[in-house]
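Undergrad: One structure follows; several queries about it will come next.
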Amino acid sequence: MPTFSHGRNAVFTIEDSGDVVRDISDALKDISFPATVDTPEATAFKSTAKTYVVGLVDYRISASGFFDQTYAGYLYGILGFATPRAFEYGPEGDTTGEPKYTGTAILTSFQTSASVTDVVAASLEFQISGAVTEGTWV
């Protein structure tokens, strides 16, 4: 029987420009971690149906939440940074045995928005560079 977890426990850390790991989870309220696979078409003449081959896996991270001046400093410091930064993502939290995804990513977008009727918001987009490792928190 499946076991489900509440999203409130999610954890996301990112390495800043000084190689210090920063936990920005308490400013986030939504995170998405899609993985896609290239499937180039390999259909030849005289075929009666299209065929495809499995290519490379691509990962991204999208997150949104609340603007925090301290975190903004860390994030602007790595926006477009040439060296991908280490990240850790725990969709169920960081308790021992919970799943954890690690890798390196490039911050490609950091956006803030303000409204007269709401909290100042922030959104982030990361392009993962290289492999993602699935493990557990220890």
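The values are calculated or read from the model by the stated rules, or taken from the named source; none is laboratory data. These numbers were taken from a predicted model, which means no experiment stands behind them. For accessibility, only protein heavy atoms count, side chains too; no ligands or nucleic acids. Shrake-Rupley method; radii C 1.70, N 1.55, O 1.52, S 1.80 Å.
Undergrad: Residue by residue, what Karplus-based ³J(HN,Hα) values in Hz, rounded to whole numbers, does the range 105-112 have, using 6.51, -1.76 and 1.60 with θ = phi - 60° and x for Gly and Pro?
TA: Going residue by residue, I get 9, 10, 6, 9, 7, 9, 10, 10 Hz, with x marking Gly and Pro.
Undergrad: Here's another thing I want to ask about it. Rounded, prolate or oblate: which fits the range 1-54, taking a ≥ b ≥ c as square roots of the Cα gyration tensor eigenvalues, rounded meaning a/c under 1.5, else prolate when a/b beats b/c?
TA: Because a/c hits 1.5 or more and a/b fails to exceed b/c, the range 1-54 counts as oblate.
Undergrad: Principal axis extents for the chain, Cα atoms only, whole Å, descending order, please.
TA: 60, 38, 35
Undergrad: Related question: With an 8 Å cut-off on Cα pairs and a minimum separation of 6 or more residues, tell me the relative contact order of the range 84-138 in percent.
TA: 40
Undergrad: While we're looking at this one, here's another question. Run the accessible area of the chain with a 1.4 Å probe and give the carbon-and-sulfur part as a rounded percent.
TA: Carbon plus sulfur share of accessible area: 53 percent.
Undergrad: Right, next: On a 0 to 90 degree scale, rounded to 10, what angle separates helix 69-78 from the longest Cα axis of the chain?
TA: Helix 69-78 and the main axis of the chain meet at about 40 degrees.
Undergrad: Something else now. In whole angstrom, how long is each semi-axis of the equivalent ellipsoid of the range 40-108, when you take the square root of 5 times every eigenvalue of its Cα gyration tensor and sort them from largest down?
TA: 38, 18, 11
Undergrad: Quick one: accessible area per residue over the range 63-106, 1.4 Å probe, rounded to a whole number of Å²?
TA: Per residue, the range 63-106 has an accessible area of 48 Å².
Undergrad: Most fluctuating residue of 46, 29, 100 in a GNM of the chain with Cα springs under 10 Å: which is it?
TA: Among 46, 29, 100, the largest mean-square fluctuation in the Gaussian network model of the chain belongs to 46.
Undergrad: Report the residue, chosen from 67, 87, 12, that carries the largest GNM mean-square fluctuation when the chain is represented by alpha-carbon nodes joined by springs under 10 Å.
TA: Result for the chain, Cα springs under 10 Å: 67 fluctuates most.
Undergrad: Where a Cα-Cα gap under 24 Å defines reach, which lysines qualify for residue 29, not counting those fewer than 8 residues away within the same chain?
TA: Those lysines meeting the cut-off are 100.
Undergrad: Let me ask another. Could you grab the relative contact order for the chain? Cα pairs under 8 Å, six or more apart, rounded to a whole percent.
TA: 25 percent.
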